[in-house]
Amino acid sequence: MAKATPPDAGEELETVTAPDGTEIAYERTGSGPPLVLVHCATADHRVWELSDVRATLAEDATVYAIDRRGRGGSGDAEAYEPEREFEDVAAVVESIDEPVTLLGHSAGGFYALEAAMRTDNLNALVLYEPAMPINGYGVGSEAARTEMLSLLEAGETEQAYVVFIEKIAEWTPEEVDAIRSAPMWQEYVDGFPTLIPKYAKIPDYDYDPARFAELTTPTLLLAGSESGQWGKETTEALDDALPNSRVVTFDGHGHAAMLTAPDRFIDEIRTFIRKTN
């Protein structure tokens, strides 16, 4: 495959070409059953390096950590439609020569779920509180959204990003501290304004639970007991809609338990991969 320009020296990223011609980058590590990771809205593939999540999973899996379009080493297009992100993830999954476990967190969970509707090359699916418009979710509270946009207009990008993760995505204080202490924090802050026009498109998605009635892929739904109400409602709705799903809740943790409870997170993923392989 072609090589993408890595975001950091020393990283070698491979690429696949999405249906619209955009190059989607990923980093492959480890050996074993294939596991594809899809990050949240504001991150890139390196977020899985925090707390050694990716390295530990790669001890007994071949891990493909994607950069979603417009992030990290992946390309982008002028016009944004969520459909393109669904196709991007499906293209990576289809490029692998055996059925994969597909794991998506937050917005990545939304795109992973829809990618699962577009490929047969799946062994299992893991969705951690997909950020998708179920029960009206998709734009956050009006007050939080107004505060975030006002801060952006004032050039206070970092504070706007903090409002997004604290008040819209509703990360716990411990999770916010963990991502703020990450070495790539400033890069995520700098890239945050590019998210806004994309984020505004999400409410256009029409959630129809009947579409998922035939998605029989074994599905693990992850949730945090301290997550916002939207995360809990989304998890419950998807558990009702998917015919072969079960829910695991991280007690005492929220929307990003891979940062605050990595051992528990990794154990759940490994156990699920073993059972479904």
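The values are calculated or read from the model by the stated rules, or taken from the named source; none is laboratory data. Fair warning: this is a prediction, and the values are worked out from it, not measured in the lab. As a convention, Cβ positions derive from the backbone with ideal geometry for all residues, glycine included, and neighbour counts pool all protein chains shown.
Brief remarks follow.
- Of all the criteria given as (1) surrounded by fewer than 14 Cβ atoms within 10 Å (Cβ to Cβ); (2) in contact with a Ser or Thr (Cβ under 7 Å, 6 or more places away or on another chain); (3) not small (Gly, Ala, Ser), the one not satisfied by Tyr188 is (1).
- A single entry from Ala25, Ala90, Ala61 fulfils the requirement of being in contact (Cβ under 8 Å) with a residue 12 or more places away in the chain and closer than 20 Å to Asp190 by Cβ: Ala25.
- Among the residues of segment 167-179, those identified as assigned to a helix (DSSP H, G or I) and either modelled with pLDDT under 95 or farther than 20 Å from Met258 by Cβ (or both) are Lys167, Ile168.
- Cross-chain or 6+ apart pairs with Cβ under 9 Å, segment 224-247 first and farther than 17 Å from Ile165 by Cα, then buried (at least 23 other Cβ atoms within 10 Å of the Cβ) and of a type in the set (Asp, Glu): Thr234/Glu129; Thr235/Glu129
- Boolean, Tyr128 is in contact (Cβ under 8 Å) with a residue 60 or more places away in the chain, touching a strand residue (DSSP E or B) at 6+ places or on another chain (Cβ under 8 Å) and crowded, with 18+ Cβ neighbours inside 10 Å: yes
- Counting only residues that are of a type outside the set (Val, Ile, Thr) and modelled with pLDDT under 95, segment 108-134 holds 3 of them.
- The criterion of being of a type in the set (Asp, Glu), modelled with pLDDT of 95 or more and loosely packed, with under 14 Cβ neighbours inside 10 Å does not hold for Asp239.
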